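To start, the structure itself, in structure tokens.
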């Protein structure tokens, strides 16, 4: 077994892997490991600068290693009863260790990619619930129609019998679904709204909706296909509640999956931003208006920018009460140069890919004194941080929010000032 090696794991990296070293000095990435552990692993991919390996055995476990809650989480071959799915990455770590690891990784990414020597990273805001926190769960399907998740770094779907991440009401609901093998059906999503209202979303490449029988399940059902949105039962949207405010969220629209943490992020922005009755605020990638709805009541004028038609339709409903709000349904790089005011504050909440060069250039030209960056990927945040620094901004503060316990994903809100 020439491809098997013993490694000392020295650190964790973004993506959930531990890092060891080959004899030639190359980094090797081994998932499901912890710093300080000596492990045996099999190389599965080699490149000039690094390698990836599959964990075979923990020779010397870390004192922090704990038994995973879920049988679908990675188990060593000798203990494995079910094929592991790739949904979680940190179930072998206590929750406080997960928080510490995420803060350290965020700091490393800002140092390595952003060129910040001592980034001002605050302690991570923990999720009130480390389990059963998700209001949205998305399944892929096996060829037999079983609900499952994709294996780690693979498009192979692993059927599952339990999951500890969805909220309790959602968890009780998904196991009641009986999905047959339907040609063209690609994904099945369940979302939970206020009052435990539920929405089932069937995503298909076939414009023809599947035949469906919903027996005594309290949910709406929507079919998404190239033909558009078709309501099969109930409504085409949910109502979500955050800090006493209600939001219409359509089947195609994005909304934060951890409702409690979303409320804490809103409170953080309201506390940190220089808002006043004279202020003009621009929110880029404003979605259905989660942040905008709370900001609009504090300022003179709010300008939202969003490209998704469904999110824009939701935004108009959610902020209908405000006369001081304008919405651009356009790409950010097209809408920003058209803004007819110099904002006091800009809030950006981009997708995982971060801010593109054209968007960054437009933001720098806008020249807002304060910019708040809501990020779900510390690697793209680090890349964009370097450009913001070069454009005359200074990182005043960054607060991580643990939106996704048991996974490597890291949400953060950073405050940039001219």
Global form of the stretch 136-239, assessed from the alpha-carbon gyration tensor, a/c cut-off 1.5: oblate
Burial ranking of peptide ranges 150-163, 293-306 (average Cβ count within 10 Å, highest at the top): 293-306, 150-163
Provide 69, 40 in ascending order of the number of other Cβ atoms located within 10 Å of each residue's Cβ, fewest first. 69, 40
What order, most packed first, do the peptides 247-256, 198-207, 44-53 have when packing is the mean number of other Cβ atoms within 10 Å of each residue? 247-256, 198-207, 44-53
How high is the FRET efficiency between residue 22 and residue 358 when r is their beta carbon distance and R₀ equals 56 Å, given to the nearest 0.05? 0.90
Honestly the stretch 243-402 on the Cα gyration tensor test (a ≥ b ≥ c root eigenvalues; a/c under 1.5 rounded, otherwise a/b vs b/c for prolate or oblate) is just rounded
Among the DSSP beta bridges whose two residues both lie in the chain, what percent are antiparallel, rounded to the nearest 5? 65
Before rounding to the nearest 500, sum -39500 (n - 2.57) across all DSSP H runs of length at least 4 in the chain and divide by the residue total; then give [θ] at 222 nm in deg cm²/dmol. -6000 deg cm²/dmol
Peptides 353-359, 85-91 ordered by average Cβ neighbours within 10 Å, highest first: 85-91, 353-359
Taking Cα centroids, how far is the stretch 327-377 from the stretch 278-295 in Å? 12
Virtual spin-label span in nm between residue 10 and residue 60, 7 Å along Cα→Cβ: 1.5
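Taking N as the number of residues in the stretch 4-94, what value does Rg over Cα atoms divided by 2.2 N^0.38 Å take? Intermediate results must be reported in sequence, preceding the final value.
Numbers: Rg = 12.5 Å, N = 91, 2.2 N^0.38 = 12.2 Å.
This ratio for the stretch 4-94 stands at 1.02.
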With a ≥ b ≥ c from the Cα gyration tensor eigenvalues, square-rooted, and the rule rounded for a/c under 1.5, otherwise prolate when a/b > b/c and oblate otherwise, the stretch 252-340 is oblate
Using alpha-carbon positions, what is the distance between the centroids of the stretch 204-264 and the stretch 99-120, in Å? 36
Can you tell me how much longer the chain between residue 129 and residue 176 gets when fully stretched, taken as 0.36 nm per residue apart minus their C-alpha distance, in nm with one decimal? 14.5 nm
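None of the figures in this text is laboratory data; all of them are computed from the coordinates on show. None of these values were measured; they are calculated from a predicted model. Counting neighbours? That spans all protein chains shown, and the Cβs are built from the backbone with ideal geometry, glycine included.
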